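Reviewing the structure listed below.
The values are calculated or read from the model by the stated rules, or taken from the named source; none is laboratory data. Note that the coordinates shown come from a computational prediction; the quantities given were computed from them, not determined experimentally. Neighbour counts are summed over all protein chains in view; Cβ atoms, including those assigned to glycine, are modelled from backbone coordinates with ideal geometry. When the accessible area is computed, the model is the full protein with side chains, heavy atoms only, and any ligands, DNA or RNA have been set aside. Shrake-Rupley method; radii C 1.70, N 1.55, O 1.52, S 1.80 Å.
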Amino acid sequence: MKQFFKTRLEWILLVVVLIGHLVLLSTRLSRSEQTPLLRAWTMEVAYPFLKHVVGSVSSVAVLWRDYIDLRHAREENAELKGQIEQYRRTVLGYEERIREIGRLQVLSDLEASLGLPSVKARVIGADPTHWYQSRILDKGREAGLARDCPALSADGVVGRIVQVSRNSSVLQLITDVDSGVGVLLENSRAQGVLKSEAGHQPFIEYVGSSEEVVVGEKVLTSGLDQIYPKGLLVGYVTDSKPAKQVFQRVGVTLSANVSKLEEVLVLKKEPRS
Amino acid sequence: MANFLRSTAVLIIIVSTVVLQVLLTRYFPRLLLDLPLVAVLYLTMAKESLLWTILSGTVVGFLQDSLSPGPLGLNGFTKIAVGSLTYMANTVIAIDRGATRWGLLFVSSLLAALLFLALRILFLNRNETMDGERILLSGLINACAGLPLFYLFEKISQPANE
């Protein structure tokens, strides 16, 4: 008998398994509403493995996809950054150009309102020593500039031309220690000379001590120096102090910011008849 | 030929200091640094030749005066005079130490300022008010900026000297 089982073991196993399957099938058929216990157990046992294996595979897949995406994103990011930088530079350039056009437009308006022959010039440099207050302009004799041509900004008088070459000129600012502008006060009509001292506020000399000076009063060019046309705005009175002899010293704040000049309007000299 | 090229290079450096000064003061109007003076003093100390002081002082002074409202000769005179004094000091004291150089730059800068003002009062009949604080500050700035600039000039002129 033992011999029989030994020689036909595989077959017996086959039959048992088949029967077992049939039993399983039969249980499934009989209670189709519920998951068979064995199946559920099998599923429960298999679940963690499946979960991790499939999860791992999908994680790797996601990781790989992310990596690919990241690589693309990085390249795209670098490209976009470059584009943004380029756009930013372009915008900055445009903004600067717009500001410049605005300033030049203001000068053009001033030119039109003055009705005097003039030239717009750009500041290309400043004084190479720290003793003078001057600017170097990009226009010279060829553009019609000459010595003593007055220069204005949109806010008021800024100085006069003191040196001229063919294509450039030196503009002496009204804040220079050697500068002197003939001025008058708008209300009192008191006349004087606007002067400057290094590092100090400009002031008007030779205003009689009997003149009534009002703080905030406009200071205009008098035209008596034969350089600046009469009536151009120079600044405003800030204070007044008694000076030597019969004069008072009138402090002035300039209407134009001469330290930040970028473009100026230079009035051409009218030919003397 | 090599000497000519070397001299040309040095002159270009000198001219560059004036150009740089023009640009610097364009954007920093209150700058008290006098780069061309520092360049002249450097040449005086480095070359140990009065000829170089005169040449560089003349070139720098002429350029500065040309681009300024002031009369020609004012800056040239100042620079040559101060350069010559530095040259004389150079023959007496060893100026290879940083502190000595700093002191020499400071004193030279003060002298240049005083001489400039004196010339304006004497020759141009200007009623100058001496701003001592400004002159001292200018001296300090020139001395402090001068040391690294000396080093830079040395670096620039080294290949030419070899």
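The residues listed here are A:GLU205, A:GLU212, A:GLU270, A:GLU197; of these, the one that is assigned to a loop (DSSP other than H, G, I, E, B), under 15 Å from A:LEU185 (Cβ atoms) and in contact (Cβ under 8 Å) with a residue 12 or more places away in the chain is A:GLU212.
Here A:GLY93 passes the criteria (1) surrounded by 15 or more Cβ atoms within 10 Å (Cβ to Cβ); (2) away from every other protein chain (no Cβ under 12 Å); (3) of a type in the set (Gly, Ala, Ser); (4) within 28 Å of the chain's Cα centre (by Cα) except the one numbered (1).
Summed over region B:65-112, residues that are within 11 Å of the chain's Cα centre (by Cα) and within 14 Å of another protein chain (Cβ to nearest Cβ) total 7.
Might you check whether a residue that is open to solvent by 70 Å² or more (accessible area, probe 1.4 Å), of a type outside the set (S, T, N, Q) and in contact with a Cys (Cβ under 8 Å, 6 or more places away or on another chain) occurs anywhere in region A:196-207? No, there is no match, as no residue in region A:196-207 is open to solvent by 70 Å² or more (accessible area, probe 1.4 Å), of a type outside the set (S, T, N, Q) and in contact with a Cys (Cβ under 8 Å, 6 or more places away or on another chain).
Please tell me if A:ILE84 is aliphatic (A, V, I, L, M), in a helix (DSSP H, G or I) and open to solvent by 100 Å² or more (accessible area, probe 1.4 Å). In short, no. All of (1) part of a loop (DSSP other than H, G, I, E, B); (2) surrounded by 18 or more Cβ atoms within 10 Å (Cβ to Cβ) hold for B:LEU72 with one exception: (2). Only residues that are surrounded by fewer than 19 Cβ atoms within 10 Å (Cβ to Cβ), at pLDDT 85 or above and touching a helix residue (DSSP H, G or I) at 6+ places or on another chain (Cβ under 8 Å): list them for region B:86-100, please. Of everything in region B:86-100, just one residue is surrounded by fewer than 19 Cβ atoms within 10 Å (Cβ to Cβ), at pLDDT 85 or above and touching a helix residue (DSSP H, G or I) at 6+ places or on another chain (Cβ under 8 Å), namely B:ALA89. Do we have any residue at all in region B:47-55 that's in contact with a Pro (Cβ under 9 Å, 6 or more places away or on another chain), away from chain A (no Cβ under 14 Å) and open to solvent by less than 40 Å² (accessible area, probe 1.4 Å)? Looking through region B:47-55, none of the residues is in contact with a Pro (Cβ under 9 Å, 6 or more places away or on another chain), away from chain A (no Cβ under 14 Å) and open to solvent by less than 40 Å² (accessible area, probe 1.4 Å).
Each residue in region B:1-28 was checked for being in contact with a strand residue (DSSP E or B) (Cβ under 6 Å, 6 or more places away or on another chain) and free of Cβ contacts under 8 Å to residues at least 24 places away in the same chain, and 2 of them qualify. A single member of B:THR8, B:THR44, B:THR17 is of a type in the set (Val, Ile, Thr) and touching a Gly at 6+ places or on another chain (Cβ under 9 Å), and it is B:THR44. One residue is enough: does region B:59-67 have a residue meeting the conditions in contact with a helix residue (DSSP H, G or I) (Cβ under 7 Å, 6 or more places away or on another chain) and not in a helix (DSSP H, G or I)? Yes - at least one qualifying residue is present in region B:59-67. Among the residues of region A:137-167, those identified as touching a helix residue (DSSP H, G or I) at 6+ places or on another chain (Cβ under 9 Å), open to solvent by 10 Å² or more (accessible area, probe 1.4 Å) and closer than 30 Å to B:ALA113 by Cα are A:GLN163, A:VAL164, A:SER165. Just checking, does region B:106-113 include any residue being over 30 Å from A:ILE136 (Cβ atoms) and either in a loop (DSSP other than H, G, I, E, B) or not basic (Lys, Arg) (or both)? Yes - at least one qualifying residue is present in region B:106-113. Please work out if B:PRO36 is crowded, with 23+ Cβ neighbours inside 10 Å, closer than 24 Å to A:ILE136 by Cβ and within 12 Å of another protein chain (Cβ to nearest Cβ). It is true that B:PRO36 is crowded, with 23+ Cβ neighbours inside 10 Å, closer than 24 Å to A:ILE136 by Cβ and within 12 Å of another protein chain (Cβ to nearest Cβ). Screening A:ALA40, A:ALA73 for residues that are of a type outside the set (Phe, Trp, Tyr) and either surrounded by fewer than 10 Cβ atoms within 10 Å (Cβ to Cβ) or at pLDDT below 80 (or both) leaves exactly one candidate, A:ALA40.
For region A:161-188, what are the residues that are polar (S, T, N, Q), within 12 Å of chain B (Cβ to nearest Cβ) and out of contact with any Pro (no Cβ under 9 Å at 6 or more places or on another chain)? Those that are polar (S, T, N, Q), within 12 Å of chain B (Cβ to nearest Cβ) and out of contact with any Pro (no Cβ under 9 Å at 6 or more places or on another chain): A:SER165, A:SER168, A:SER169. For region A:231-258, the set of residues classified as touching a residue at least 12 places away in the same chain (Cβ under 8 Å), open to solvent by 50 Å² or more (accessible area, probe 1.4 Å) and either more than 20 Å from A:SER188 (Cβ to Cβ) or among the acidic types (Asp, Glu) (or both) consists of A:ASP239, A:ASN257, listed by residue number. Among residues of region A:131-159 that are closer than 23 Å to A:VAL183 by Cβ and away from chain B (no Cβ under 14 Å), those with a Cβ under 7 angstrom from a residue that is in a loop (DSSP other than H, G, I, E, B) and of a type in the set (Phe, Trp, Tyr), sequence gap 6+ or separate chain, pair up as A:PRO150/A:TYR228; A:VAL157/A:TYR228.
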